[in-house]
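Presented below is the structure to which this report refers.
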Amino acid sequence: MTGEDLRAAVAGERLPEDAARAHFYALIGRLFYGPPDANLLAEIRQSAGAESGDHDTTRLGAAWRALQEGCGSVSPAMIRQEYDDLFVGVGRAPVTPYLFGYAEPSAPDRHLVRLRDQLTEWGFLRRSNAFEVEDHISAVSDVLRLLIEEGRSLGEQQRFFASFVYPGAMLFFAAVQQAPAAGFYKLVAAFAHDFVVVEKEAFEMVDSV
């Protein structure tokens, strides 16, 4: 799956490429929700050629291959420790996975209220056993996955992306990449960053048509 494929998926009809977009959002959400186990690491390594294209020379393709290689050089125990050091910590976590602090640092409550209102409008209700606030990077990634899988309009996808994903996620990915404790998650953040950049460019291409 190349960057050009992703742009085509956003710009055109609902094609098989949409499944790849949904898959990437699901993967990003899963990796930031909790440390991957051995099975997921193996799946990422084995699916690299099918998902990103063996001859994909784009920045996104390079980031995916780097992540795939990284999955083969660390153990689940090492990643779990890194995840805890980055996102859990003792006291305040070095990097917060909640986006309101990045998107609207001067009015985080307003950002969260707007997000909840949008989710309620779509009928996406929070599970009673959910501990994470709705603007966790994993939660908003999963919302976009659902929007794609349910065949929601590109306009709805783009508005959610522009309002609740792109502004905070880009700063979050940068914070992860700059964190001294980041190793494996630096690769995850680099891939997620480049994927989100491709999504933004694709949505802008739709606007210009």
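The values are calculated or read from the model by the stated rules, or taken from the named source; none is laboratory data. Owing to the predicted nature of the structure, the values given are computational and were not obtained by experimental measurement. Positions of Cβ are generated from backbone atoms using ideal geometry, with glycine treated the same way; all protein chains shown enter the neighbour counts. Just the protein is used for accessible areas: all its heavy atoms, side chains included, with ligands, DNA and RNA removed. Shrake-Rupley method; radii C 1.70, N 1.55, O 1.52, S 1.80 Å.
Placing a label point 7 Å from the Cα of R110 along the Cα-to-Cβ direction, none of the residues of the range 136-151 has a backbone N under 13 Å of that point. Rounded to 0.05, the FRET efficiency of the A19 and V133 pair, given R0 = 25 Å and the Cβ-Cβ distance, is 0.30. Which net charge results for the neighbourhood of R30, defined as the other residues with beta-carbon distances under 11 angstrom from its beta-carbon, given Lys and Arg at +1 and Asp and Glu at -1? Charge balance near R30 sits at -2.
What's the Cα-based Rg to Rh of the range 84-202, Rh via Kirkwood? Don't jump to the answer; show the numbers that get you there.
Numbers: Rg = 14.5 Å, Rh = 15.0 Å.
We get a ratio of 0.96 for the range 84-202.
Distance between the modelled labels on V88 and T120, one decimal in nanometres: 3.3 nm (7 Å Cα→Cβ projection). Of the residues K186, K200, ranked by 1.4 Å probe accessible area with the largest first, the sequence reads K186, K200. Taking all protein chains into account, the per residue accessible area for the range 141-209 stands at 40 Å² (1.4 Å probe).
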